[in-house]
Amino acid sequence: MQAADLLELRDDLSRECSRLHKLVSGLSDLGQRLEHSADAVEASALRLHSFYTGVERMLLLISRVVNGGTPAQGEGWHRRLLERMAMATDTRPAVLNDATQVELQEYLRFRHLVRNLYADELRLEPIQRLIEQLQHTWPKLDADITGFQRWPTSIARETRANTPQRSDYTISQVDEALPQRPSGSRHRADLVSTTAQENQATSSDRG
């Protein structure tokens with residue numbers, strides 16, 4: 001795992017949490033109109049569906065960056081992904097507390113239900129109960145993700161600290177390493193002296 005990837009994961013999780021916070025706030029407002037509006041029931045069901053989709057998006061982000069890929073998407077993979085995120089592995093700490101994971105299972109089941117029902121088949125009671133429960137589940141989830149974000153930040157910092165830095169030679173060090181050459185004024189004097197000697201030798205040959 002590269003330090004940049006871990007820091008990007010941390011920032012992506014922050015963005016997803018911000019979106020989920022807005023969604024939960026909107027659900028709280030819709031919950032007050034459920035008994036008087038069929039449209040509010042349908043809208044709330046869709047937002048509960050979106051809530052768990054956002055949760056799962058975060059879990060998949062973690063899986064891709066830390067594990068190098070997503071779980072095999074066979075039967076029951078959504079549930080297995082959620083359960084595994086409540087367990088520590090060799091490469092990361094647990095993302096979720098057990099209590100949070102158990103509560104999120106209800107939202108996973110409800111999402112599956114919404115995908116397989118017509119809008120007029122949705123019942124008020126489970127939607128109302130899940131919205132009320134969300135006022136307790138969301139703070140737990142938010143705290144779990146915030147706690148987990150400390151891990152990629154810490155690992156990225158350690159990775160950068162342990163990465164050998166390239167040594168940049170100073171100009172004086174480079175000069176010391178190179179063969180020494182006469183300074184400019186001395187070099188010119190040597191050239192003048194050499195030229196004079198050559199001219200004298202030429203004159204002697206002609207004489």
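Using the Cα centre as the reference, give the magnitude of the dipole from point charges on the C-beta atoms of the range 95-151 (Lys, Arg: +1; Asp, Glu: -1; all else neutral), rounded to the nearest 20 debye.
Values: 7 positive and 9 negative charges, 31 e Å.
So the magnitude is around 140 debye.
Note the full-extension length gain between Asn116 and Thr163 as 0.36 nm times their separation in residues minus their Cα-Cα distance, in nm to one decimal. Let's see the in-between values first.
Values: separation 47, 0.36 × 47 = 16.92 nm, distance 5.12 nm.
Value of the extension gain: 11.8 nm.
Mind giving me the nanometre distance, one decimal, between the label points for Thr146 and Ser18, set 7 Å out from Cα along Cα→Cβ?
1.6 nm
With a 10 Å Cβ neighbour count serving as the proxy for reagent exposure, in which order, fewest first, do Met1, Met85, Met58 appear?
Details: Met1 16, Met85 24, Met58 21.
Fewest-to-most ranking of Met1, Met85, Met58: Met1, Met58, Met85.
What number do you get for the range 21-169 when its Cα radius of gyration is normalised by 2.2 N^0.38 Å, N = residues? Write out the running numbers ahead of the final one.
Details: Rg = 19.0 Å, N = 149, 2.2 N^0.38 = 14.7 Å.
Rounded to two decimals, the normalised Rg is 1.29.
Whole angstrom only: what separates the Cα centroid of the range 65-89 from the Cα centroid of the range 39-61?
Going from one Cα centre to the other spans 19 Å.
Using per-residue counts of other Cβ atoms within 10 Å, averaged over each peptide, order 139-148, 153-162 from highest down.
Working: 139-148: 16.7, 153-162: 12.8.
Most protected by this proxy first, the peptides run 139-148, 153-162.
How big is the range 52-96 in terms of Cα radius of gyration and Dmax, in angstroms?
Cα radius of gyration and Dmax of the range 52-96 are 9.8, 27 Å respectively.
What's the extension gain from Arg64 to Asp39 if we count 0.36 nm per residue and subtract their Cα-Cα distance?
Working: separation 25, 0.36 × 25 = 9.00 nm, distance 3.70 nm.
Taking 0.36 nm per residue and subtracting the Cα distance, the gain is 5.3 nm.
Lys/Arg Cβ at +1, Asp/Glu Cβ at -1, dipole of the range 3-162 taken about the Cα centre: which of Val102, Met87, Leu124 is farthest positive-ward?
The Cα lying farthest towards the positive end belongs to Met87.
Read the figures in this text as sums done on the coordinates, not as results from a lab. Note that the structure is a prediction, hence the values are computed from the model and not measured. Note: ideal-geometry Cβ built from the backbone for every residue, glycine included; neighbour counts use all protein chains shown.
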